[in-house]
Structures are given as structure tokens and as C-alpha cells.
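Every number in this text was worked out from the coordinates using simple rules, so none of it is lab data. Since the structure is predicted, the reported quantities are computational estimates derived from the model, not experimental observations. Methodologically, a virtual Cβ is constructed for each residue, glycine included, from the backbone with ideal geometry; neighbour enumeration extends over all protein chains shown.
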Amino acid sequence: MEKSCAATCDSSNHNHNELSRKALFAGLATVLTGIGLSALGATAAEAATKYKVALASKIPVGSAKVFTVGGKSVLITQPRAGVFRAFKNQCTHQGAPLGSQKLLNGKLVCNQHGANFNASNGAVVGGPAQTSLTKYTATKSGNYIYVTI
């Protein structure tokens, strides 16, 4: 078995070409960081696609309208004046589309089995669904609504 030594060792009876634990962990950390940053960067680039969807006037207060955004069916609501929210147009109970509709006391209602969702945050407020709606970012700039998917 070879001996390990400090950097000041002047012995010639063992091998100085061994990799220290510190050097091993430093190299491993560099590789893992590089891989992690690459994966995160690609995910962030995908997630940061902003689409110009519609004139804000096309989504009246107290309603929800369906639009195709980036190839996905998206439901945009205006639960209160000037507040816009975007969700995947799919009930989390059995996947039925929620569709364009008038909000019922601030709620989206699935026509298939009656699940209710809060139109401001997508939370379930009445079953049979048990999972909140998938949210997207909706913003108003000028007269238009933009959705980031």
C-alpha cells in the first residue's frame, strides 16, 4: 500500500502521481456544475417563450377564452378588471377541455363532471378534480395579452 504525504514531502519511496481527494472533488464539482448549468439553461430557454395572444378586449371581465398558444390550448381568464391569468385548457380530473365560458362567482367549471377551479390561481375549489390547473404567465402590455409558456 502506498503512503500519502503532504506537499512538502521529499521522500522518493512512494508515488506522487496520485490524485488527492481534494483535487478529485474539485474536478467532479466542476463537471457536475457544467452539466447542471447546461441543463438548466436549456430548460430556461424553453420555458421563457413569450407569445402575443390577443387584444385584452377579447377577454371580458368575468370570462375565460380559449386560444392556441405555441401549439397548446390555453385558457385565459380575466377574473377582475385588469387581472389576466392563463392556464392549460384541461381539467385535471379526466383531461376534458374547460372551454370558453363565463366565470361563475370567480370560478371555472368543467362541463364534463363539474369540477370547479379558482379563476385567479387555478386551485381546485370543488371536486371531483383534486389537482390545480397548470398555470402559465399572462401579462398585459399595451392593449395585448402575452402568455409565457
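Hey, what did region 50-148 get for relative contact order, percent, Cα under 8 Å, at least 6 apart? Spell out each step's value before the answer.
Details: 238 pairs, mean separation 28.8, N = 99.
Relative contact order here is 29 percent.
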Any chance you could run the full-extension gain for Asn143 through Thr49? It's 0.36 nm times the residue separation minus the Cα-Cα distance, nm to one decimal.
31.9 nm
Between Leu104 and Ser63, what is the label-to-label distance in nm when each label sits 7 Å out along the Cα-to-Cβ direction?
1.9 nm
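Would you kindly state how much longer the chain becomes between Gln130 and Arg80 on full extension, computed as 0.36 nm times their sequence separation minus their alpha carbon distance, in nm to one decimal?
15.5 nm
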